[in-house]
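Novice: Sharing a structure, written as structure tokens. Questions coming.
The values are calculated or read from the model by the stated rules, or taken from the named source; none is laboratory data. Treat the numbers as computed from the prediction; the structure is a model and nothing was measured. Note that we place each Cβ from the backbone using ideal geometry, even for glycine, and neighbour counts take in every protein chain shown. When the accessible area is computed, the model is the full protein with side chains, heavy atoms only, and any ligands, DNA or RNA have been set aside. Shrake-Rupley method; radii C 1.70, N 1.55, O 1.52, S 1.80 Å.
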Amino acid sequence: MEEQFILRVPPSVAEQIDRLLSENASSEDTGLDLTFSEDGRSGTFVIGNERFPASLLDLPCIMESYKTYDDNVLIKTADIGQMIMVREEGDPAPDAAEYRHGLTPPMRDARRRRFRREPDLNPELVRRVEKDLQNIMAGGTAENIDVGVAEQEEDAARASNKKAAAPKPATKPHVPPEPERSDSDESDDSL
């Protein structure tokens, strides 16, 4: 795969880059340069004789880029997780190393709106559970477990399952008895 990044520039710089790419300008004063300081997150973008501050930011989610040779089949070329943001001279630098928004309007403030917060876990509880899991995987038993409580919960669960699973005896529907009829009632056709 290729290595790629997103280059976000102000509109005035975008016009200069577009002119530079569309013209086959071979003059030395219309070059592009991007240098970073030792921290690897801030740097300078140079186009022609103008210098602009730049920052390397992590995107809130991974973007995939594709290319095509025949306008039918897309081939994935890279996963893009970073963006170089070029700013005007007076614009403030970003506060964090992660960019808050995505690249498109629906991804505005994506980190807060679309992703879950990390849970607040007690570090001591995490260490204790990790130690118990390592003991179990090594063939031992877990410490810090109250066996009596677990057995009581199992017994209660079994008892409730038996009550729910026990079939009720089937009852026959009540049918009232027919009144007794005499033979004379059936054969009375004398009228």
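Novice: Residues of segment 33-61 being aliphatic (A, V, I, L, M) and closer than 11 Å to VAL13 by Cα, which ones?
Specialist: Answer for segment 33-61, where residues must be aliphatic (A, V, I, L, M) and closer than 11 Å to VAL13 by Cα: VAL46, ILE47.
Novice: Go through (1) open to solvent by 100 Å² or more (accessible area, probe 1.4 Å); (2) charged (D, E, K, R); (3) under 23 Å from GLY102 (Cβ atoms) one by one and return the number of the condition GLU89 breaks.
Specialist: That leaves (3) as the condition not met.
Novice: Which of the following residues is touching a Gly at 6+ places or on another chain (Cβ under 9 Å) and either closer than 27 Å to ILE47 by Cα or of a type in the set (Val, Ile, Thr) (or both): ILE84, ILE80, ILE75?
Specialist: Within the list ILE84, ILE80, ILE75, the selection yields ILE84.
Novice: Here is a follow-up. Looking at segment 96-128 only, could you name the residues that are farther than 22 Å from LEU57 by Cβ and over 17 Å from the mean Cα position of the chain (by Cα)?
Specialist: Passing the criteria: ASP120, LEU121, ASN122, PRO123, GLU124, LEU125, VAL126, ARG127, ARG128.
Novice: Continuing with this model, one more query. Quickly run through segment 44-62 and pick out the residues that are within 16 Å of MET85 (Cβ to Cβ), of a type outside the set (Asp, Glu) and open to solvent by 20 Å² or more (accessible area, probe 1.4 Å).
Specialist: Within segment 44-62, THR44, VAL46, ARG51, PRO53, LEU56 qualify.
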